[in-house]
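Peer 1: Handing you a structure now.
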Amino acid sequence: MEVNLSSNTLFHFTNEKKYLISILKNGLYVRYSLENYQNLINNKAEIVFPMACFCDIPLSHVKNHTKTYGRYAIGLTKEWGMKNKVSPVIYSYPNSETTEILNYVFENIERFFDIELEKIQNVKLNKSTEKLIEHYDERDREFGKKISGVYNNLSNFIRYIKPYEGKFYRNGNYLKSNVKFYDEREWRFTPTRDFLSSVGIKDSYIKDLYIDPIKRRALNIKLAKHIKLNFEPKDIRFIIVEKDKEIPEMINQLEKIFGNKSTSNDLKLLSTRLISMEQILEDL
């Protein structure tokens, strides 16, 4: 008998029904999250950046996941995820080949910028050196743009790196014991630095701005004005509520949310995709 090690669905879990209803109404908003890279990437420990997270876990194996992330969920097709550039993260650990490559590239790109800046700063300005700097700028401007592009893309790439195990920040504190993130089979969407810059939003923040709930909410509201992940009823494979008794109410919610933009057959099909966590934990 074949056992599925991954799902054909990307699940986004949440801990309250009202949040699930909001997702169905409005789409998936990108939120700031605190990631801890301690001992993984040089000079980078706690970084706050925007993302929307999903897990690629068969429903028969989600029990432990729900203890942390909640018992309400929407499941969207992987085709939808790939179309929206949701990508599986890369799990790594200190001193692995992956982290050594990343650290090497970062160190050398940053060193390049330091050397080039030092060249300019140490030149005594006179008419001849002004011309030299002007020539230097013209000659290397395009090359500098390429290096800057590599640096930006590498910074984007880091957002798809996840510790194999490590500290997990939840409800205002780190858990006492390490969490094996590898078990989450995470897929993630994060907007690029270039996009965020184009709408006047910083690509990352320090921890202090994140742990303050008022400041964090303000950052998330600003972000929500510019980006979210939309989906159609056809993209939905599962809608999960905590208890069986919540299913009739959720059917009514689906009619309110999608009634004006779906046929009656589409609504009937969507209602068949409703399932409770009670059923999942008892029967799968």
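Peer 1: For Thr66, are the conditions met, namely being modelled with pLDDT of 65 or more, part of a helix (DSSP H, G or I) and surrounded by 12 or more Cβ atoms within 10 Å (Cβ to Cβ)?
Peer 2: yes
Peer 1: Given the conditions (1) within 30 Å of Ala45 (Cα to Cα); (2) touching a helix residue (DSSP H, G or I) at 6+ places or on another chain (Cβ under 8 Å); (3) without any contact (Cβ under 8 Å) to a residue 60 or more places away in the chain, which single one is not true for Arg216?
Peer 2: Here Arg216 meets the rest and fails (3).
Peer 1: Only residues in region 170-189 that are in a strand (DSSP E or B) count as the first member; pair them with residues that are surrounded by fewer than 13 Cβ atoms within 10 Å (Cβ to Cβ), Cβ under 8 angstrom, at least 6 apart or cross-chain, and list the lot.
Peer 2: Short answer, once both residue conditions are applied: Phe189/Lys85.
Peer 1: Output yes when any residue across region 72-85 is more than 20 Å from the chain's Cα centre (by Cα) and modelled with pLDDT of 90 or more, and no when none is.
Peer 2: no
Peer 1: Looking at Leu254, Leu270, which is the one that is outside any loop (DSSP other than H, G, I, E, B), free of Cβ contacts under 8 Å to residues at least 60 places away in the same chain, surrounded by 18 or more Cβ atoms within 10 Å (Cβ to Cβ) and not basic (Lys, Arg)? Outline the logic, then answer.
Peer 2: On the way: Leu254 fails: free of Cβ contacts under 8 Å to residues at least 60 places away in the same chain.
Sole residue among the options that is outside any loop (DSSP other than H, G, I, E, B), free of Cβ contacts under 8 Å to residues at least 60 places away in the same chain, surrounded by 18 or more Cβ atoms within 10 Å (Cβ to Cβ) and not basic (Lys, Arg): Leu270.
The values are calculated or read from the model by the stated rules, or taken from the named source; none is laboratory data. All values reported here derive from a predicted model rather than from experimental measurement. As a convention, Cβ positions derive from the backbone with ideal geometry for all residues, glycine included, and neighbour counts pool all protein chains shown.
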